[in-house]
Amino acid sequence: MHSFNFPQRSIRSLFTIPILSVICLSLFMAACSGSESPNTSGASMEWVGTWSTSQQLTEPRNMPPKPGLSGSTLRQVVHVSLGGDQLRMRLSNEFGTEPVSINAIHIAASTGSSAIKSDTDQAIEFDGRSAITMSPGEAALSDPFSFDLEPMSNVAITLYIEEISSDVTGHPGSRTTSYIQTGDHVSATEMAEAAQTDHWYLIDAIDVMAPDSAAAVATLGNSITDGRGSGTNEQNRWPDELSRRLQNNPRTQHVAVLNQGIGGNCVLRDCLGPAALSRFQRDVLNQTGVRWLIILEGINDIGQAQDAEEAEQVAQDLIEAYQKMIKQAHSQDIKVFGATLMPFGGSFYDGPEREEARQTVNDWIRTSGAFDAVVDLDKALRDPDNPSQLLTAADTGDHLHPNETGHRLMAEAVDLALFINGQ
C-alpha cells in the first residue's frame, strides 16, 4: 500500500516509503510521480487524474445514516472525465482520529442507482492485498489495475468496511446518491435494501494512464463549483458541463476535469472544510497531471464581512491570496485562470459594502494581468438590466447559487482554446 500521511487536521501530504529494496523504491516513486512509461505501441504514457473530490471532516448532520459504515458495504457512484484501461485509486482517512479498516474494495460500471454491470466488477488491491487499514491522517494509493473505463461514464466504488473512525473523512456535497447495507455485498448486482445518502465517504481520487498529451484542469471553489443548484445524480455541475464540452471537441479530448469545490468554503480562513489557501497544496499541486487551474472562490469571505472596513480588507486579502496561489501554481508550470465572482444581489450576502468588495476583486481579476487568462463568469451570468443580480433564468431562487441552466452557462463561458496544446 502506498501511504500518504497527513498531519492531523492538516492538508499537507507526506509520502512514507518503506525502503524494502531499490526496486520497490523505484516502482513507488514512479507510481507517485506520474512519470511517463511507454505503452506497447511505443507512445509515452502518464498518470492523469480523471476524478477527484476535496476531503473534509464530515459534519454531524452529514454523517452516514443507519446502519452506519462499520460492518457494512458502502457503494458510491462517481462521474469520470477521461477514459482508459489502466487505473489506480486513492482513499483517505485524512481527518480520522482512529484507524479505518476495509476488507474489500471493488469497482464496476454503474448502470443506475445502486446497480452495477456485473461482468465489469473488479477487485482492487493495495500493495498486493485486498484488505487495507489506514491510520489516522493517512491516505492509500492502490496498485494499478486493468479496467475498461469509458470517458464521461459513471462507475461504482464499493467498499466493505470492517471499522471506521468516529471522525469520518468525506465529501458531503456529492450531489450523488450512495448506498449502505449491513454485511458484505461488494459484488452484489444491486443493493435494493440499502440505506441511501447523498454524501461520499473515504473515496478521494481516480487516476488513469493516458498519453502524455493528456492533462487535467483543477477547478478550485466553493459550493458553486461543488455543484449547489445542479441536479442530484444528473452530473451537471459546471465542471461536469465543462468536461462534456471538452470531450465533444476533438482538439480538447485530452483534458480531464477535477472538481475541487467544497460547499461553504472560504479562501482566507477555515469555514467549511480547510481554507482554500491551506488546502491548495493538497487539492491542486498534489493532484495528478494538473496543467491548468480555474479559481472561482471568495464569495463566502466577502459575504461574511460585517462592515465596510472589513469588506475592503477582505477584498485586499483575497487579491493577496490569489497572488500566492498563482505563484505556487506557476512554480509547477500550471497555468491559472481567474474567474470573476458572480452577483449576489438579493441574497443573504447582499449589501453595498460587500458589493463594492466584489467589484474591487473582479476589477483586479480582469485588469491586473496576474492570471494567465480570465473567465468572466460575472459577465456571463449577471442580469444586464440589474448587473448586481443573477439572471433570473440562471438563479436557483436564493440569488446566490446558479441553477442547472446557470451551471451550463458557466461552462459555456470558458474558452476551450485555453486547453489546446500550444496555447
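The values are calculated or read from the model by the stated rules, or taken from the named source; none is laboratory data. Note that the structure is predicted; figures quoted are calculated from it, not measured. Glycine also receives a Cβ, built like all others from the backbone with ideal geometry; neighbour counts cover every protein chain displayed. When the accessible area is computed, the model is the full protein with side chains, heavy atoms only, and any ligands, DNA or RNA have been set aside. Shrake-Rupley method; radii C 1.70, N 1.55, O 1.52, S 1.80 Å.
Relative contact order for the chain: 17 percent, from Cα pairs under 8 Å spaced at least 6 residues apart, divided by residue count. Comparing S213, A315, Q247 along the charge dipole axis of the chain, the residue lying farthest to the positive side is S213, per the Cβ-charge model. Spatially, region 384-423 and region 173-212 are offset by 30 Å when compared through their Cα centroids.
Rounded to 0.05, the FRET efficiency of the Q304 and N248 pair, given R0 = 35 Å and the Cβ-Cβ distance, is 0.35.
When Cα extents along the principal axes in Å is computed from the coordinates, the matching label among (i) 58, 50, 38; (ii) 101, 56, 49; (iii) 101, 60, 44 is (i). Among the protein heavy atoms of the chain, carbon and sulfur supply 48% of the accessible surface, probe 1.4 Å, non-protein parts ignored.
Please compute the per residue accessible area over region 165-324 with all protein chains in place, 1.4 Å probe, rounded to a whole number of Å².
Normalised by residue count, the accessible surface of region 165-324 is 32 Å².
Among R251, R279, the sequence by solvent-accessible area, most first, with a 1.4 Å probe is R251, R279. Working note: Karplus 6.51/-1.76/1.60 with θ = phi - 60° gives region 161-170 the couplings 9, 7, 9, 9, 5, 5, 9, 9, 7, x Hz, where Gly and Pro are set to x. Of all beta bridges DSSP finds with both residues in the chain, what is the antiparallel percent, to the nearest 5? Among the beta bridges of the chain, antiparallel pairing accounts for roughly 75 percent. At an R0 of 41 angstrom, the distance between the Cβ atoms of R61 and S153 translates into a FRET efficiency of 0.85. Rolled with a 1.4 Å probe across the full set of protein chains, the surface gives E404 an accessible area near 90 Å².
Each of T73, T367 has its accessible area taken with a 1.4 Å probe; listed largest first, they run T367, T73. Fully extending the segment from D198 to K327 would add 42.8 nm, taking 0.36 nm per residue of separation and subtracting the current Cα-Cα distance. Once C-alpha pairs closer than 8 Å and six or more residues apart are averaged by separation and normalised to the residue number of region 227-383, the relative contact order reads 19 percent. Taking F348, F280, F371 in turn, the Gaussian network model of the chain (Cα-Cα springs below 10 Å) assigns the largest fluctuation to F348. Note on D212: accessible area is roughly 60 Å² with a 1.4 Å probe, heavy atoms of protein only. Annotation: peptides 128-134, 282-288, ranked by per-residue average of other Cβ atoms within 10 Å with the highest first, follow the order 282-288, 128-134. Using C-alpha pairs below 8 Å separated by at least 6 residues, the relative contact order for region 230-290 is 17 percent. Residue order by solvent-accessible surface for K324, K335 is K324, K335, largest first, with ligands and nucleic acids left out and a 1.4 Å probe.
Of all DSSP bridge pairs formed entirely within region 269-390, close to 30 percent run antiparallel.
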